[in-house]
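Asks: Sharing a structure with you now.
What follows is calculated from the coordinates using simple rules that are stated; it is not laboratory data. Predicted, not measured: the structure shown is a model, and the values here were computed from it.
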């Protein structure tokens, strides 16, 4: 029997935004529960993100090492970034992030998977793309700053990443989900069964 997440929206009797940051905010809703009780739910409002699992011809994944202050770790990740413009096409955003963070482009794009990162406390939705046929971009590299100025790039064989995930050595959400999803696709129906790069994304509707 197949299972599927379904959209639902319980009654909200009051809402407030006690904090507004540069990219995200915090919202407080009074939500009516099925038993009639009203409870308070605080959560982060997030514009959404894209991530790119870029796979080269030698079955290596392009990863980067970046400092993440909230968890006090330098994490190995796949290229990713915010959907800065409301309604932005996620494919265009993913192509931009791959260029800015890794200075490469890709010929073949597919949707690998869509996830909510922490649905109990944040509405962030992430679309993870699979990019193949990658090659270096000619010309000057994108000028990086802040945490990105200290990034380290590497190409790591997929089996090594799978081992790192299962051994508890790799923790970034998009890397973990992307690597295991790619492994499932390769050992299951194959990559041709993945959704096209322009597949609908109800969590973050977009234009052309």
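Asks: State, as an integer percentage, the relative contact order of the chain based on alpha-carbon contacts under 8 Å between residues 6 or more apart.
Replies: Computed value for the chain: 22 percent relative contact order.
Asks: Run the helix sum for the chain: -39,500 (n - 2.57) per DSSP H stretch of 4+ residues, divided by residue count, reported at 222 nm to the nearest 500 deg cm²/dmol.
Replies: -5500 deg cm²/dmol
Asks: Quick check: Cα centre of the range 13-54 to Cα centre of the range 155-188, how many Å?
Replies: 30 Å
Asks: In nm, what is the difference between 0.36 nm times the number of residues separating residue 160 and residue 137 and their Cα-Cα distance? Could you put the intermediate results ahead of the total?
Replies: Details: separation 23, 0.36 × 23 = 8.28 nm, distance 2.64 nm.
Residue separation times 0.36 nm, minus the Cα-Cα distance, leaves 5.6 nm.
Asks: Expressed as an acute angle from 0 to 90° and rounded to the nearest 10, what is the orientation of the C-alpha long axis of helix 173-187 relative to the principal long axis of the chain?
Replies: The helix 173-187 is inclined about 60 degrees to the chain.
Asks: What are the extents of the Cα atoms of the chain along their three principal axes, in Å, largest first?
Replies: In descending order, the Cα extents are 57, 46, 40 Å.
Asks: Give me the angle, in degrees from 0 to 90, between the Cα long axis of helix 90-102 and the longest principal axis of the Cα atoms of the chain, rounded to the nearest 10.
Replies: 50 degrees
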